[in-house]
Each structure stands twice: as structure tokens, then as C-alpha cells.
Amino acid sequence: MRVRPLIAAALGSAALLCAAVGPATAASNESVTVDPAGRLAADGTVTLSGTYTCTGATGPVFISSSLSQGSPNYRHGIGGTRAVCDGAEHRWVNTSKVTSEKLEPGAAHVEATIMELRPSGGLPLPTFHATGQQDITLSEA
């Protein structure tokens, strides 16, 4: 098999995927919030929470969250919760154990995102419903 057609096909597929994954453009009735306090257990388990509202989903939807402390360039993914997009406000809680870096009680920054895996031509592509950011305080649990 020739390498050039294979590389061209791979780059074309990547371009299509990147074009399909645009920035989050929330409808006016969609939002995600982050509570101003998070919990940090002695074993490195972080618990974050907030609220969300979303509508119009055709695929599975998740609330993802990430936390940074110190450097905004280094983020920890904190769990993922299945969401219900029925237009009502719901609570979300994400929990994960962070082992790659020692987190400390104190100031941190959290970003939460409502992301749907929408079917598109047999391939589920991410569709972003809303994002929210919040400076929080991590407290010992």
C-alpha cells in the first residue's frame, strides 16, 4: 500500500473531526455551574460539584470537570457524570483520585463542560452544550 494516500486519508479524517468539534456554543437555556468549594481527601481524592441545564441531546451526555492548582497549564481531569438534558436544572458531582501531583487545600480553578457524543454518520462526535469556570477553595475532607 502506498504511504501518501494513507497519510492523506488520515489527515483528511483528522481535519473533518476537528471541524466538527467547534467551540462550546450554549443555547440561552443551557448552562453549567461550579460550586465555589471542593473537597480534597487525604488520599488525593477530589470531589467537585455544581449544577447544569441542557436540552436537545440525541446521544449520551456527560458533565466533565478539570481542576488546576498553581499552573493553569496543568489540569487534572476530575471524573465524569452522566447528564440528563431535559431542560431542568440538575446537580452534578464528580470524584477522582489524583495521584500524579500532590494537591493542597486552598485556591484552585475548575472548568466544567457539558459534552454530548452525538451520532454523526455512524461515528459519535463530541458536541459541546455549555462550559463554566470557577475559582474555588479546596478544603480537607
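Of Arg75, Arg82, Arg118, which residue is touching a Pro at 6+ places or on another chain (Cβ under 8 Å) and surrounded by fewer than 16 Cβ atoms within 10 Å (Cβ to Cβ)? Spell out how you get there, then give the answer.
Values: Arg75 fails: touching a Pro at 6+ places or on another chain (Cβ under 8 Å); Arg118 fails: surrounded by fewer than 16 Cβ atoms within 10 Å (Cβ to Cβ).
So the residue among Arg75, Arg82, Arg118 that is touching a Pro at 6+ places or on another chain (Cβ under 8 Å) and surrounded by fewer than 16 Cβ atoms within 10 Å (Cβ to Cβ) is Arg82.
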How about segment 46-77: which of its residues are farther than 19 Å from Arg91 by Cβ and out of contact with any Leu (no Cβ under 6 Å at 6 or more places or on another chain)? Gly56, Thr58, Ser68, Gly70, Ser71, Pro72, Asn73, Tyr74, Arg75, Gly77
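I'm trying to understand the selection: among the residues of segment 100-112, which are surrounded by 21 or more Cβ atoms within 10 Å (Cβ to Cβ) and polar (S, T, N, Q)?
Residues satisfying the conditions do not exist here.
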Conditions (1) among the aliphatic types (A, V, I, L, M); (2) under 20 Å from Ser49 (Cβ atoms); (3) surrounded by fewer than 17 Cβ atoms within 10 Å (Cβ to Cβ); number of the one not met by Leu125: (2)
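Out of segment 31-52, which residues are farther than 14 Å from Val110 by Cβ, open to solvent by 20 Å² or more (accessible area, probe 1.4 Å) and either without any contact (Cβ under 8 Å) to a residue 60 or more places away in the chain or not hydrophobic (A, V, I, L, M, F, W, C) (or both)? Outline the logic, then answer.
The initial filter retains those residues of segment 31-52 that are farther than 14 Å from Val110 by Cβ, namely 31, 41-45.
Keeping just the survivors that are open to solvent by 20 Å² or more (accessible area, probe 1.4 Å) gives 31, 41-43, 45.
The answer is Ser31, Asp43, Thr45.
For the condition under 27 Å from Leu123 (Cβ atoms) and modelled with pLDDT under 95, what is the one hit in Gly44, Gly70, Gly80?
Selected residue: Gly80, the only one of Gly44, Gly70, Gly80 that is under 27 Å from Leu123 (Cβ atoms) and modelled with pLDDT under 95.
The values are calculated or read from the model by the stated rules, or taken from the named source; none is laboratory data. No experiment lies behind these values; they were computed from the predicted model shown. Cβ sites come from the backbone with ideal geometry, for glycine too, and all protein chains shown count toward neighbours. SASA here: full protein model, heavy atoms, side chains in, ligands and nucleic acids out. Shrake-Rupley method; radii C 1.70, N 1.55, O 1.52, S 1.80 Å.
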